[in-house]
Each structure stands twice: as C-alpha cells, then as structure tokens.
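Notes for the one structure printed next.
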Amino acid sequence: MSIRVLPEEVASRIAAGEVIERPASVVKELVENSIDAAASNIKVEMRQGGKRLIRVIDDAHGIPSAEVLLAFERYATSKLGAVNDLSRIATLGFRGEALSSIAAVSHVTLVTRAKGEEVGTLLRLEGGKVVRHEPHGAARGTIVTVENIFYNMPARQKFLRSEATEARHVSELVTCYAMAYPRLRFSLLRDGRTTFQAKGTGELYDVLVDVYGAEIAQHMLEIVADSRGKSTISVSGFVSDPAVHRSTGRHLLTLVNGRWVRDRLINYAIREAYHTVLPRGRHPIAVVQVVLPPDQVDVNVHPAKSEVRFRNSSEVFAAVQKATRGALAREMPVPREPSRATWLPAFETRQRRLVELGGRTGPRPGELALEVQRSAVQPAAAVERSASGKLPMLRVLGQLGRTYIIAEGPTGMYLIDQHAAHERVLYERFQTERAGSGMSSQKLLEPLVVEVGPRQRVLSEEHLAGLSDFGFDVEPFGGDTYLVRAVPAILQGTDQEQAMIDILDQEGMAGTVQAWEEKVTINLACHGATKAGSTLTMQDMQELVRQLEETSLPRTCPHGRPTMLHVSAERLEREFGRK
Ligand code: ADP
Ligand code: MG
C-alpha cells in the first residue's frame, strides 16, 4: 500500500496526542516503523543518551522516492485505509503521526531507498521544515537520524533526565523489542560502543540470554502454549522460577500481538500465578506474549499505543494466569505429584542449550544429582515443597567428604552441599543489604592495582556506581587498570585480587546493567562461600543450616543447582527391606 493522508473521518477517530516525550519515544516509533516495513536487521545508535543523536538503520523495503515527503505529513500512513481497518490493526503503526511529530521537535535526516528503485532519497527537516531534498545513493532500507531533540522546545528539554537515565530507557526499549521479535537482529550502540546485540535466531530463549545473561536465563521457565481447546487466545513466553525475583515490576514484559503494552490485567494475572511462591513485595521476570485475532483487541486507545483494550478481558486474564501457573507447576512440582518431577531434566535441557550457545553455565548439575534421580531419590526441591518453601528444622549429624553436611529432619535424611548452601545464604543477604544500607565494605591497607584483560571492557560510570553499592571502592587508573581501595567485607581472607579480576571479567559487562549486577552478586556469593573440601566444625554447620532455613529459597543455590538432597524415611525403610 502506498502512503496517503488519512481521510478526515478516519483521522478524527484516532487516539491522538503527544507521543514524543523523550529519546526512547523516538526510538520506539522508529523501531516500530522498521518492524512494520519487514526489516530483518535493525541497528539503533544513540549519542549522549539520545539527546544529541538517535539513529535507526534498517534493511526493510524503504520508502519510494515519490512518497518521502508525504511520509512526514500528519496522518499520512501506508498502513490504514478506511475506518473499519481500525478494528483489525495488524501493524504496529497506523496513525501516520510519528514521523511528523518527531520532525517537528528535532533535526531529522532520512535516507531511504525503496525496493525496485535505483537511487534513493535524502530528506532533511529542521523543526518540521524541509531544508534538503535530493536523490541520494543508498543501500536498500531506511536510515532515520534524529538530532537535537527538543532543540526548539527548551521547556521540554529541561524535563529530560541524565544521559544515563535516558540511555537506560532506550536500552530497555530495544531489549523489549528484541524479546518481542526474536527473529530480528538488533544491535544497540551507545556513544560508539555496542552495548546490546540480539542474534536473530528466532528463539526467545536466546534473546533472554543476551538480555539477562546466562545465569538468569537458566531460571526462566517456558510457557508452553496449550493447543487443546478452541480458545483463540494463545499465550507463550518465559517466566522466572521462584529463585529469581526483583524489587520492581519493571521486568514484567507483556506483548499483545507483538506490541509492547503495559496492561494491568495481564500483569495482575502473572503476579497472581506467583501467589505464595515469591516473597512478599518481590516481582518475577517475565516475557509473556499474548496472541489473539486483531478484532479481539482494540489498540487505538492510547496515543503512544502502549495500552490496549480486550473485547473479552476475563478470558485473557484466565489464559495468562493458567499458562503462567502451568509453567511454574511443571518445573516445581508440589508434594502430591512428585513422581513425574521434571525439575531436573528441564534444568538439563536449559544447561545444554546454554552450552550450545557458548554461554557460561556455572558448575554442571552434578553427577550425584543425576545418579540420585535415576534411583528415584529426588532433589529436595522437587519433593515436600511446602507452600512457603521453607525448610523443616534440621539437626546436623556430621560432615561427609569435607563437602556435604549430613542432617536429619522430620521426614528423613538430608545431604547438604556446604558450598551451594552458603552461596544461597550469602546471595540473599547481599540482595537485602544492597537494597538497604548497602553492603559492608572493608578498606584495604594497600590499594590494589588490577589490570583488566582484553576481554574485559572499560567500566562505565554505571558499573562504577554499581560496584560501590557492593562495597567496592574502585577508580579508573588510566588505560585498562583500576585502583581498588576497598572491597566488600565478605572478601576478607580470600584472594581479593582474584575476586576482583573475576568480577571485572563478567561477560555481562557488554549487556544490561541489571544482568551485570546479578552476576556480580552471584560471583561474590561464590567467592565468599565456604569451599568444598574445607573442614567445618559442628558449630559452623549448625550455624550454616540455621541461616539456610531462613532464606526464601533454601533448596537451590543462586546458579539454580540443588543445595540439598533428601532421602525420605520411607525410602530408607524400603531400601533396607523393612517395609
Ligand atoms: P505510521 O507508522 O503510523 O504509518 P509514521 O509517521 O510512523 O506513521 O510513518 C509514516 C509512513 O512512512 C509509514 O506508514 C510508512 O509507509 C513509511 N515509513 C516510515 N518508516 C519507514 C521505514 N523504516 N521503512 C519503510 N517505510 C517507512
Ligand atoms: Mg510509525
């Protein structure tokens, strides 16, 4: 369809209003245009948090030279014709407003070449006025460069936040669209440095690894679409298992027919599914995609198209809740149905996938766990998982192989991995401390000079600020060396230099700050935890088990491995032929 200005009767029915609030809104509109135009590669660049420059490059079908000017008219679109098209919108855009709104508040340069045309076009607008319009050689596709946003609106400019904050919004947006469209290759450059890349494999799981890192991705449970029944609503995606949670709901991503929307109903349905599974006030990470026939959902309710209205909202609610519950139940069976525990196999599948992806997987699930599963004794996580997930009171009996703690509970014997258990304790403690007054820090007598290798990148301001929440005092010392003046108190008595190198060596550095912080937390927990092979006194072990009992998820370590195995009294009786 070619671009044309919408007839008055259609234009007047469109939810209009200001859509450009900040750099991220520009990126949203441009990325949506690229997706609508069938791009396979979308590259987003920003300078100074997008305040100075935003550029979106695609390899889509381009804009025919005869239509380039029209594209910047208000209500000019190629995506909508008649009024009744409004009731079945299948594209992300339809209002024909974005390009004109963006051009009105910035300097825009468009370079495009349409499929089937020999030369492309360059068009430059300043404050909505065309200042250049000429034929221009270009690759097929479209490049839109938006500079100096709000240059003509000082009042608006004042409302923009710091570069780091605006950049975070842009980055969040790009990662969301990457998760919404796993088939597309996305890349994000911030001030010339690639900060995010999605490979476009078509697998949402792969994008989760790119966005959140391998450790978190291991904790994501797949929502398997329920193909039975004749519901027209399909729900798919991933939700985090209870070992991973966040202090804000920002990580609940909901997509309706490929559109990123904020929908209270869907969010509520997801939260409901976690009822009693997550500690109070904590939120899961989730990417939930709802697909339903376009005429079942009205997308024309909000100017920024970030809200939708469902024709049958209770059906959507029920479908999302059921799908989320299903994913949780499948992987974390409740006591009554332990015989088919899929917890371990699913974990292995994910591990295998991660290995294929070349991601770092942390320690292997452990032959012992496998062995034990084969003989039908299950990791304690799969069995007797009470509603609160709490451990029963355990009595420590002794240590085995300087690696495991043997304990007795009301329902049998427990074998606890001392390192994994301590990791869990420390991980939760660090999270609480970081959310509160910060982690306790220990000043070094001699500052430590740490040189980072080529694989490690330069720490950004955000990383440095993040490190101070952990109790580090790190400052750049020129080139790729850093001066460490203080470290988290937990590292006392350990090899601090090695710990520091490990932390600076996180692959997550290239990814999002959230993913990186999660890795640092896990890494510190790992460094601070009692090692396998160290002798523990009875008192040490009692203290550790008591602390483990107090954690919210005592049965897994932060890497997702079991912290303990449980052999029920019943099983012991059976094995010894007493029954
Ligand atoms: P809308 O997306 O609502 O149609 P826009 O103002 O965002 O309105 O874009 C106007 C028109 O310009 C679109 O309908 C489309 O035809 C064309 N267009 C915009 N961006 C691109 C792009 N990246 N590739 C191809 N065509 C584009
Ligand atoms: Mg658009």
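Tabulated values for the structure
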{"read-out": "Among (1) assigned to a strand (DSSP E or B); (2) modelled with pLDDT under 85, the one test that GLY466 misses", "value": "(1)"}
{"read-out": "So ALA90, is it in contact with a His (Cβ under 6 Å, 6 or more places away or on another chain) and either within 16 Å of ligand 2 (Cβ to nearest atom) or closer than 29 Å to GLU307 by Cα (or both)", "value": "no"}
{"read-out": "Flag for GLY493 being exposed (fewer than 14 other Cβ atoms within 10 Å of the Cβ) and part of a loop (DSSP other than H, G, I, E, B)", "value": "yes"}
{"read-out": "Single condition GLU272 does not satisfy, out of (1) surrounded by fewer than 16 Cβ atoms within 10 Å (Cβ to Cβ); (2) in a loop (DSSP other than H, G, I, E, B)", "value": "(2)"}
{"read-out": "Condition check for VAL144: β-branched (Val, Ile, Thr) and away from ligand 2 (no atom under 16 Å from the Cβ)", "value": "no"}
{"read-out": "Selection within segment 54-64 - more than 8 Å from ligand 1 (Cβ to nearest atom) and closer than 30 Å to ARG168 by Cβ", "value": "ILE54, ARG55, ILE57, ASP59"}
{"read-out": "Residue match in segment 131-147 (condition: farther than 30 Å from LEU292 by Cβ, within 32 Å of the chain's Cα centre (by Cα) and away from ligand 1 (no atom under 16 Å from the Cβ))", "value": "yes"}
{"read-out": "Residue in segment 102-122 that is nearest to SER306 (Cα to Cα), counting only those that are buried (at least 21 other Cβ atoms within 10 Å of the Cβ) and within 16 Å of ligand 2 (Cβ to nearest atom)", "value": "ILE102"}
{"read-out": "Subset of segment 184-198 [surrounded by 17 or more Cβ atoms within 10 Å (Cβ to Cβ) and not in a strand (DSSP E or B)]", "value": "LEU184"}
{"read-out": "Residue that is farthest from SER40 (Cα to Cα), among those in segment 144-155 that are in contact with a strand residue (DSSP E or B) (Cβ under 6 Å, 6 or more places away or on another chain) and surrounded by fewer than 19 Cβ atoms within 10 Å (Cβ to Cβ)", "value": "ASN148"}
{"read-out": "Pick from segment 537-578, criterion in a loop (DSSP other than H, G, I, E, B) and among the basic types (Lys, Arg), ranking: farthest from VAL277 (Cα to Cα)", "value": "ARG578"}
{"read-out": "Of all residues making up segment 362-406, the number that are in contact with a helix residue (DSSP H, G or I) (Cβ under 6 Å, 6 or more places away or on another chain) and at pLDDT 80 or above", "value": "4"}
{"read-out": "Residues that are among the acidic types (Asp, Glu) and away from ligand 1 (no atom under 12 Å from the Cβ), drawn from segment 19-53", "value": "GLU21, GLU45"}
{"read-out": "Residue count, segment 252-283 (criterion: free of Cβ contacts under 8 Å to residues at least 24 places away in the same chain and within 18 Å of the chain's Cα centre (by Cα))", "value": "2"}
{"read-out": "Of the criteria (1) of a type in the set (D, E, K, R); (2) within 12 Å of ligand 1 (Cβ to nearest atom); (3) at pLDDT 95 or above, which one ARG124 fails", "value": "(2)"}
{"read-out": "Output for segment 65-81, where each listed residue is within 20 Å of HIS133 (Cα to Cα), more than 9 Å from ligand 1 (Cβ to nearest atom) and touching a residue at least 12 places away in the same chain (Cβ under 8 Å)", "value": "SER65, LEU69"}
{"read-out": "Where a residue in segment 528-540 is without any contact (Cβ under 8 Å) to a residue 12 or more places away in the chain and its partner, wherever it lies, is in a loop (DSSP other than H, G, I, E, B), with Cβ under 8 Å and at least six apart", "value": "ASP540/THR530"}
{"read-out": "Options SER25, SER34, SER40; residue that is of a type in the set (Ser, Thr, Tyr), away from ligand 2 (no atom under 14 Å from the Cβ) and modelled with pLDDT of 80 or more", "value": "SER40"}
{"read-out": "Positions within segment 531-578 being out of contact with any strand residue (DSSP E or B) (no Cβ under 9 Å at 6 or more places or on another chain), among the hydroxyl-bearing types (Ser, Thr, Tyr) and either crowded, with 19+ Cβ neighbours inside 10 Å or within 17 Å of LYS390 (Cα to Cα) (or both), in sequence order", "value": "THR551, SER552"}
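The values are calculated or read from the model by the stated rules, or taken from the named source; none is laboratory data. As the structure is a computational prediction, the values presented were derived from the model and not from experiment. Counting neighbours? That spans all protein chains shown, and the Cβs are built from the backbone with ideal geometry, glycine included.
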